[in-house]
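K.L.:
Take a look at this one; I'll ask things after.
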Amino acid sequence: MITKESYQPTAANTWTGRTDGTEPDLLRWHQVIKVTDLLQEPLPALLSGQKGIALLGFACDEGVRRNKGRVGAAEGPTALRKAIAGFPVHFNAQTILLDAGDIVCVNGELENAQTVLREAVQTILLAGYLPVLLGGGHEITYGHASGIRQFVAPQQVGFINFDAHFDIRIPDEQGASSGTGFWQLALDCKQAGTPFHYLALGIQKLGNTRQLFNIAGEEEATYVSADAFHLNDKDTLFAAIQHFLSQVDKVYLTTCLDVFAAPFAPGVSATAYNGIIPGGLFLQCYRKILQSGKVAGADIAELNPSLDIDNRTARLGAALIFETVMAYCGEFSF
């Protein structure tokens, strides 16, 4: 249940930035976004022909702490909002852009925060909006994907993760963490008697133990290593993505910013000197997924503003949010 303790609406004055005018072709996101309080009012109803995107923050890094990472990702949603506020409006007036506030982790109770996140995601989906979530540690996965999975059932949901790590660890005595999300989803699928469809892109062999590769194999996960991006192996990447998309009805799309090379993403818990480059091949893969029309929710994870340099990581995450919104609105033909 969403409560005052677990939820923080966004202050209207958060959305500020450059203003060039009020004509439609001069507008920026901070001028058109509508701030809503999930505890006070239902999301605005969408009229026929309208599309809606609801931004929702997950101000939590308890999972990162449990996973022995560098905390600070709880401030990620604030940094992402600042990075996207000045984006130009390329969608038409038929598109509603909302800020639905933040789910917060209270007293280190991660499991409760994930439950509240799941309920908030379902609230957004029920109102007809696309949830675009601002992390937060990668513990965002379990709450977000669970909300989508339960909402669209019995349709098949596939989980796509751009990440250097599988995040398929078995929880230890501390419980769930930023590294256990896909193991939790696999367990839920087993208990429900449904297939576990998981595609991980950008996996680093030096960042995952043999046990994690074994678990991924046991759960029949599909992965493509970072080498495919480094070696410009477009055929392998496109084949994996296309085959995966053909197996599912809906997609949960998550991007852990530590999949990218450290010069592009220094503000993460675990930097990758040999991470992938957010250039042409990555964008082709990302856009191929978005263009499928199957994405039911997307998020950005592991932004740690305290470790960022010149807001590089925040701007990279923001650029992916821009891609997601543009693809959903159908404004750009990539």
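The values are calculated or read from the model by the stated rules, or taken from the named source; none is laboratory data. Keep in mind it's a predicted model, so treat the numbers as computed, not measured. Here Cβ is always computed from backbone atoms with ideal geometry, including for glycine, and neighbour counts include all displayed protein chains. Protein only, heavy atoms only, side chains kept; ligands, DNA and RNA dropped before computing areas. Shrake-Rupley method; radii C 1.70, N 1.55, O 1.52, S 1.80 Å.
K.L.:
Considering only Cα-Cα distances, which of the following residue pairs are longer than 22 Å: Lys4/Lys190; Lys51/Lys234; Lys82/Lys250; Lys34/Lys288; Lys51/Lys250; Lys51/Lys288?
P.N.:
Going by Cα-Cα distance, Lys4/Lys190; Lys51/Lys234; Lys82/Lys250; Lys34/Lys288 fall outside the 22 Å limit.
K.L.:
Classify segment 250-309 as rounded, prolate or oblate from the Cα gyration tensor: take a ≥ b ≥ c as the square roots of its eigenvalues, call it rounded if a/c is under 1.5, otherwise prolate when a/b beats b/c and oblate if not.
P.N.:
Verdict is oblate for segment 250-309.
K.L.:
Another one. Can you give the calculated 222 nm mean residue ellipticity of the chain, where each DSSP H run of n ≥ 4 adds -39,500 (n - 2.57) and the sum is split over every residue, rounded to the nearest 500 deg cm²/dmol?
P.N.:
The per-residue figure over the chain is -10500 deg cm²/dmol.
K.L.:
What is the distance, in nm, between label points placed 7 Å from the Cα along the Cα-to-Cβ direction at Ala12 and at Ala192?
P.N.:
Result: 3.9 nm between the two label points.
K.L.:
Right, something else. Tell me the carbon and sulfur percent of the accessible area for segment 102-209, rounded to whole percent, probe radius 1.4 Å.
P.N.:
The nonpolar share, carbon plus sulfur, comes to 52 percent.
K.L.:
Kindly report the accessible area of the chain per residue (heavy atoms of protein chains, probe 1.4 Å, no ligands, DNA or RNA), in Å².
P.N.:
In whole numbers, the chain has 42 Å² accessible per residue.
K.L.:
Please give the FRET efficiency for Gln247 paired with Arg210, using the beta carbon to beta carbon distance and R0 = 22 Å, rounded to the nearest 0.05.
P.N.:
0.25
K.L.:
List the cysteines of the chain that have no other Cys Cβ closer than 4.7 Å: which are they?
P.N.:
Cys189, Cys256, Cys285, Cys329
K.L.:
Ranked highest first by the average count of other Cβ atoms within 10 Å around their residues, in what order do 240-247, 52-59 fall?
P.N.:
Top of the packing list down: 52-59, 240-247.
K.L.:
Run the numbers for Lys4 and Ala319: contour at 0.36 nm per residue of separation, minus the present Cα-Cα distance, in nm.
P.N.:
Answer, rounded to one decimal: 110.3 nm.
K.L.:
In segment 1-156, what is the volume of the convex hull around the alpha carbon atoms, normalised per residue and reported in Å³?
P.N.:
Residue-normalised Cα hull volume stands at 124 Å³.
K.L.:
Follow-up question, since we're still on this one. Rounded, prolate or oblate: which fits segment 127-274 when a ≥ b ≥ c are the square roots of the eigenvalues of the alpha-carbon gyration tensor, with rounded for a/c under 1.5 and prolate only if a/b beats b/c?
P.N.:
rounded
K.L.:
Kirkwood Rh, segment 133-184, all Cα pairs: how many Å?
P.N.:
Across segment 133-184, the inverse of the average 1/r is 11.8 Å.
K.L.:
Here is a follow-up. For Val71 and Gln122 in one chain, what is 0.36 nm times their gap in residues minus the Cα-Cα distance, to one decimal in nm?
P.N.:
15.6 nm
K.L.:
For Asn274 and Thr22, what does the FRET efficiency come to when R0 = 56 Å and r is the distance between their Cβ atoms, rounded to the nearest 0.05?
P.N.:
0.75
K.L.:
Evaluate the distance, in nm, between pseudo-label points positioned 7 Å from the Cα of Gln284 and of Asp172 along their respective Cα→Cβ axes.
P.N.:
Spacing of the two 7 Å Cα→Cβ label points: 4.1 nm.
K.L.:
Rounded to a whole number of µm²/s, how large is the Stokes-Einstein D of segment 225-334 at 25 °C and 0.890 mPa s, given Rh as the Kirkwood radius over C-alpha pairs?
P.N.:
168 µm²/s
K.L.:
Another one. Once the cut-off is 14 Å, how many percent of the Cα-Cα pairs in segment 278-328 end up in the long-distance tail?
P.N.:
56 percent
K.L.:
Compare the peptides 230-239, 134-143 by average per-residue count of other Cβ atoms within 10 angstrom and give them in order, highest first.
P.N.:
So the order, starting with the most tightly packed, is 134-143, 230-239.
K.L.:
Would you mind calculating the gained length between Ala93 and Ala239 on full extension (0.36 nm times residue separation, minus the Cα-Cα distance), in nm to one decimal?
P.N.:
My answer for the length gained is 48.9 nm.
K.L.:
Right, something else. Using label points projected 7 Å from each Cα along Cα→Cβ, tell me how many nm separate Glu109 and Glu218, to one decimal.
P.N.:
3.2 nm
K.L.:
Based on alpha-carbon positions alone, could you give the equivalent ellipsoid semi-axes of segment 118-160 from the gyration tensor, as √(5λ), descending, whole Å?
P.N.:
Taking √(5λ) for each eigenvalue gives 16, 13, 8 Å, largest first.
K.L.:
Moving on to the next point. Ignoring ligands, DNA and RNA, how do Glu219, Glu5 rank by accessible area with a 1.4 Å probe, largest first?
P.N.:
Ranking Glu219, Glu5 by accessible area, largest first, yields Glu5, Glu219.
K.L.:
Return the whole-Å distance between the Cα centroid of segment 240-305 and the Cα centroid of segment 37-104.
P.N.:
Here the answer is 18 Å between Cα centres.
K.L.:
Could you work out the relative contact order of the chain, using alpha carbon pairs under 8 angstrom and six or more residues apart, expressed as a whole percent?
P.N.:
Worked out over the chain, it gives 20 percent.
K.L.:
Sticking with this one: Would segment 50-115 count as rounded, prolate or oblate if I go by the C-alpha gyration tensor, calling it rounded below 1.5 in a/c and otherwise prolate when a/b exceeds b/c, oblate otherwise?
P.N.:
It is prolate, given that a/c is not under 1.5 and a/b is the larger ratio.
K.L.:
Please compute one quarter of the surface area of the Cα convex hull for the chain and express it in square nanometres.
P.N.:
Averaged projected area of the chain's Cα convex hull equals 16.1 nm².
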